[in-house]
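The values are calculated or read from the model by the stated rules, or taken from the named source; none is laboratory data. Just so you know, these numbers come straight off a predicted model, no measurement behind them. Reconstructed Cβ throughout: ideal geometry from the backbone, glycine too, with neighbour counts over all protein chains shown. Heads up: the accessible areas ignore ligands, DNA and RNA and are worked out on the full protein's heavy atoms, side chains in. Shrake-Rupley method; radii C 1.70, N 1.55, O 1.52, S 1.80 Å.
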Amino acid sequence: MNDFSKLADSVFRGDFSTVANLTKQLIDNGVDPLEIINKGLIEGMNIVAPKFKAGEMFVPEVMMAAKSMHTGLELVKPLIADSDVPSKGTVLMGTVKGDLHDIGKNLVVMILQSGGFKVIDLGVDVPAEKFVEAVKEHKPQIVGLSALLTTTMPAMKETINALQEVGLRDGLKILVGGAPVSQSFAKEIGANGYANDAMAAKELCENLLS
Ligand code: B1M
């Protein structure tokens, strides 16, 4: 088992201390932080997903895995968030109303920050009105909406409608993402773009503002 597989396995098992030790070792060995995230930490959650779906893992175990992944992310984060890079633009980000999933959204936030964007993260279960208020306050160029449940995908449309109703939609680019979301859904609800992962989200934000 190589170091990345060991890290992924420790995330899957919810073994915080091993995740922390292995992540530190990889950092000390000069491994690219994005590789640690993609080949180790995310890979661990990729083992969790089908097991959760098949009923072979339960919510407390999934939570432990998610927390372990965060333990690793927190160690890697300072290495990729470069505050000296001039801001490419402001992105307001949140997981939509009714949805508590934030692992993927947090990754998108981190990768955008590392790519020079200023990100205001509204967290999870964010109602449309809160997005509206935050757009008024922070005046972002891009709003990013994340959803992991098919039942919360309509909240994306509701958020876009709420921005439209108060006349804020035209000046904004809206990006959507999350496992059940697709390019065709993005088009259907009038978003400006869809990204299937964090790197694609960063590239799309750059393209939307170029
Ligand atoms: Co939940 N859950 N969950 N869950 N959970 C799913 C989503 C599910 C598919 C599992 C399954 O197969 N059954 C299923 C949804 C089914 C459906 O809607 N059709 C499901 C369910 C049903 C539920 C509950 C209802 C379970 C219950 O209580 N009975 C419940 C709902 C709670 C709620 O939100 N109201 C629930 C709860 C939970 C936990 C709390 C236990 C935990 C969340 C912990 C947390 O986020 N802090 C959890 C988890 C971890 C999962 C799975 C296993 C993994 C999700 C994840 O973190 N993936 C998930 C199974 C799956 O997705 N296959 C599942 C890793 C992450 C890196 O990927 O989030 O896809 P992802 O993010 C990617 C891309 O999607 C993209 O970039 C990210 C990085 O590459 N992306 C964006 C994401 N947001 C983006 C935004 C962008 C651009 C790209 O621009 C704005």
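Brief remarks on what is shown
- As a summary of the residue check, residue 126 satisfies the conditions (1) within 20 Å of residue 100 (Cβ to Cβ); (2) within 14 Å of the chain's Cα centre (by Cα); (3) hydrophobic (A, V, I, L, M, F, W, C) except for the one numbered (2).
- Residue within segment 100-107 that is within 26 Å of residue 127 (Cβ to Cβ), in the same structural domain as residue 147 (by TED's automatic domain parsing), open to solvent by 50 Å² or more (accessible area, probe 1.4 Å) and part of a helix (DSSP H, G or I) present: no
- Just one of the numbered conditions (1) without any contact (Cβ under 8 Å) to a residue 24 or more places away in the chain; (2) in contact with a helix residue (DSSP H, G or I) (Cβ under 6 Å, 6 or more places away or on another chain); (3) crowded, with 19+ Cβ neighbours inside 10 Å is not true of residue 186: (2).
Quick grid of which residues meet (1) open to solvent by 80 Å² or more (accessible area, probe 1.4 Å); (2) more than 15 Å from the chain's Cα centre (by Cα):
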| residue | (1), (2) |
| --- | --- |
| 26 | no, yes |
| 35 | no, yes |
| 48 | no, yes |
| 55 | no, yes |
| 63 | yes, yes |
| 66 | no, no |
| 70 | no, no |
| 91 | no, no |
| 97 | yes, yes |
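- Selection status of residue 55, in contact with a helix residue (DSSP H, G or I) (Cβ under 6 Å, 6 or more places away or on another chain) and either more than 14 Å from residue 198 (Cα to Cα) or away from the ligand (no atom under 14 Å from the Cβ) (or both): no
- The criterion of at least 2 residues that are assigned by TED's automatic domain parsing to the domain that holds residue 96, closer than 28 Å to residue 34 by Cα and within 7 Å of the ligand (Cβ to nearest atom) is met by the following strands (runs of 3 or more DSSP E) wholly inside segment 114-202: 142-146, 173-177.
- Meets criteria (free of Cβ contacts under 8 Å to residues at least 40 places away in the same chain, near the ligand (Cβ under 10 Å from one of its atoms) and in a helix (DSSP H, G or I)) for residue 66: yes
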